[in-house]
1. Please name all residue pairs, on different chains or six or more residues apart, with Cβ atoms under 7 Å, provided the first residue is in the range 21-40 and is part of a loop (DSSP other than H, G, I, E, B) and the second residue is surrounded by fewer than 23 Cβ atoms within 10 Å (Cβ to Cβ) and aromatic (Phe, Trp, Tyr).
2. Please state which one of PHE5, PHE37, PHE12 is surrounded by 15 or more Cβ atoms within 10 Å (Cβ to Cβ), on the phi < 0 side of the Ramachandran plot and touching a Cys at 6+ places or on another chain (Cβ under 8 Å).
3. Do we have any residue at all in the range 54-74 that's at pLDDT below 95, surrounded by fewer than 13 Cβ atoms within 10 Å (Cβ to Cβ) and of a type in the set (Asp, Glu)?
4. Quick check on LEU51: is it over 16 Å from THR133 (Cβ atoms), under 14 Å from the mean Cα position of the chain (by Cα), surrounded by 14 or more Cβ atoms within 10 Å (Cβ to Cβ) and at pLDDT below 95?
Amino acid sequence: MVIFFKSIDPNFIIYVGKDKYENEELIKYAFPIDVWFHVEDMSSAHVYLRLPEGITIDKIPDDVLEECFQIVKDNSRDGRKKDKVSVCYTLWENLKKTASMEVGEVGFKKQDDVRVAHGIVKNHDVLKRLNKTKEERDVNLESEKDSFNLELSNKKKKFYEETVNHKLYNNLLIFNK
């Protein structure tokens, strides 16, 4: 069961693995447009933020980032007890998983692509609002990823066809002059 939270901005989807085994599935089947959040240097949930089209990791609104920080802090066995934690986040594509790693453990392909937010303190109001929206759902992660990849492939194909047809048309106009 994947846990979903409704963001203050409905264009974003926030989801969380229920345990380390589900985190392993999320690591495997997250989308390239997903941002991964984790309390730095502590055990915590893997929180994912699905970015809407046209939004990059650097353009995530502050209130949406705060939601992810709060969820990940609150879902860390040790982090929830601390006054302040640091939260690291990066695009899913930057996660590195090797066979020698523990279940739910990840590394990074490029450390420079990891952002860290320091001094994250518990925000009761944000957590209260988010917890009212908490919903557990059975999700076929593999099927969703396949559908996403197919849609992405179709968009790329359409873009390519439109670009090639436009260039061919322009070349015909030039040739016929």
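1. Filtered contacts from the range 21-40: ALA30/TRP92; PHE31/TRP92; PHE31/PHE148; PRO32/TRP92.
2. After ruling out the rest, the residue left standing is PHE37.
3. no
4. For LEU51, the condition - over 16 Å from THR133 (Cβ atoms), under 14 Å from the mean Cα position of the chain (by Cα), surrounded by 14 or more Cβ atoms within 10 Å (Cβ to Cβ) and at pLDDT below 95 - is not met.
The values are calculated or read from the model by the stated rules, or taken from the named source; none is laboratory data. It should be emphasised that the depicted structure is a prediction, and the values quoted were computed from it without experimental measurement. Note: ideal-geometry Cβ built from the backbone for every residue, glycine included; neighbour counts use all protein chains shown.
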